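Below is one structure, written out as structure tokens, with a few remarks after it.
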Amino acid sequence: MRALPGSARVYIGITVAAAGVIVLTGPYTGIDIRTLVLAAVLFVVAESISTIVVADVKAGISPSSAVALAAVVLLGPVGAAVVGFTSCLAIRRHDLIKRLFNGAQFALVAYAAGHVYLLLGGEVGEPGREDFPAILFPYTAAVLTYTTVNLALMGILMWTLGMVRPRSKQKFGWRPLALAEMTSVGYQMLGLAIAAIWGGAGIIAPLLVLLPLFIARWTFAQQSHEAMAHEATLATLCQAVETKDHYTRGHCMRVAEGSAMIAQELGMPAERVQKIRYAGMLHDIGKLGVPTKVLQKTGKLTDEEYATIKLHPTRGYEIVREISFLDEALDGIRHHHERLDGRGYPMGLVGMEIPESARIISVADVFDCLTSTRSYRKAWSVEEAIAELRRCTGTQFDPRMVEALVRAVEREGWQTPDIAEPPGGCYGPPAAGPQKTEATAVGENSAVPAPTPSEDTVPAQDTVSERKRRDVPGASAPVPASAETVTGGRD
Ligand SMILES: [Fe+2]
């Protein structure tokens, strides 16, 4: 407890004390001890086999809540609180503080749910046929109370631990936590079924109800482990690219994150979100085929060097195309440098010819480039980067993807990277002779024509670039002007 912040210690202490008072003082009148013991044993078993299914928040969804809600009906608030408190005996937790807090947490949520159940007309004991459908109302209210109080207790704990800050740019991921809670509601509704058959089936009642779910969960857990193994493999490939191109440290994972945020915002199913996330992780895998000296070059690229860099989407596709689970991620890797106006590469696809996954990655890729420090410029602010993305919609980016990213970033925040440390320091000595930005190099070396003054990109481009020139302390080097040129087509 010594390592915890003072506020967390106080909060945990109050929670445990409150639960302790309920468990110690009862009253236990009218509670069937045999039912209490059986329910407690089942609760501990269910808690012990919880599977982590929401990796982002490391939240476990446990069928134990079904047993706790069954206890609400069979034993009332105090009995349910005792059953909940036995969570601290679950074999999967070893830390005493965590055990005590979880025990107290489940005791309090079950106690609150029990009182709401009684308040709304629910009766304690095995429900009979005559209790239906009237029992559904108080039982559903008890389930909602259980979920809400549980979320509130967890939220306060996160806050006292410093994981949630009201005005922090880095927002806490409430969405997956709430999703986990909502999934638990499904289990909790089964508590009524357990209570209903308790009289006839006794201790095997939960097994009859939950066994099919346990099997489904086991299958799901296997899939989850497989997905984690896939992710670990891809992360290793990511790291291989970043070892080679260390100006882009962490870039692949951030692009994966940004791409997943866009896909989620567009309401894509989880499976597609995952594929797009994979594509984000591997979008630059083809750089493994680009000579290191070209990737790490800070000055002007020769025609030949730039042509080599432009091959990386195709090379990337060729490297990973045999990995079957990547599926539509392959399109994202192959076409992430295409532009809506057809001036991208490798194929010069136009508009909606560009696969959706590639249009997503393109936005996330440039957004991360703009908000990252490179050897030739400081990072742009999130606001400046968003303005730049918006300016380039219609010509370079799909506006739907840009706006989806903006909404997701406004809601969830964006973790900008630490300053990159290229050889010689962040702002190493400028190259001898007149410096050219990558932007200029791209414009000159590329088969893609440079923007003409008549294009609507020019005025706004000047505004941002002029501001950035002022913002870079002591900057003598020209600052890349637009999204299409800031990345220089290298990222
Ligand atoms: Fe790229």
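The values are calculated or read from the model by the stated rules, or taken from the named source; none is laboratory data. It should be emphasised that the depicted structure is a prediction, and the values quoted were computed from it without experimental measurement. Using ideal geometry, Cβ is built from the backbone for each residue, glycine included, and neighbour counts are taken over all protein chains shown.
Just a few scattered comments:
- If you go through the range 190-240 and keep only what is of a type in the set (Val, Ile, Thr) and at pLDDT 80 or above, you end up with 194, 197, 233, 236.
- Hey, residue 13 under 19 Å from residue 81 (Cα atoms) and outside any helix (DSSP H, G or I) or not: no
- Residues satisfying the stated conditions in the range 275-303, i.e. farther than 16 Å from residue 245 by Cβ, at pLDDT below 90 and either within 11 Å of the ligand (Cβ to nearest atom) or in a helix (DSSP H, G or I) (or both): 303
- Of the residues examined, residue 355 is one that is surrounded by fewer than 22 Cβ atoms within 10 Å (Cβ to Cβ), under 30 Å from residue 410 (Cβ atoms) and within 16 Å of the ligand (Cβ to nearest atom).
- The residues of the range 87-121 that are in a loop (DSSP other than H, G, I, E, B) and at pLDDT below 90, listed by number, are 90, 91, 92, 93, 94, 95.
- Only one of the listed residues (262, 333) is assigned to a helix (DSSP H, G or I), more than 16 Å from the ligand (Cβ to nearest atom), crowded, with 23+ Cβ neighbours inside 10 Å and modelled with pLDDT of 90 or more. That residue is 262.
- Selection status of residue 339, modelled with pLDDT of 90 or more, crowded, with 17+ Cβ neighbours inside 10 Å, within 14 Å of the ligand (Cβ to nearest atom) and not in a helix (DSSP H, G or I): yes
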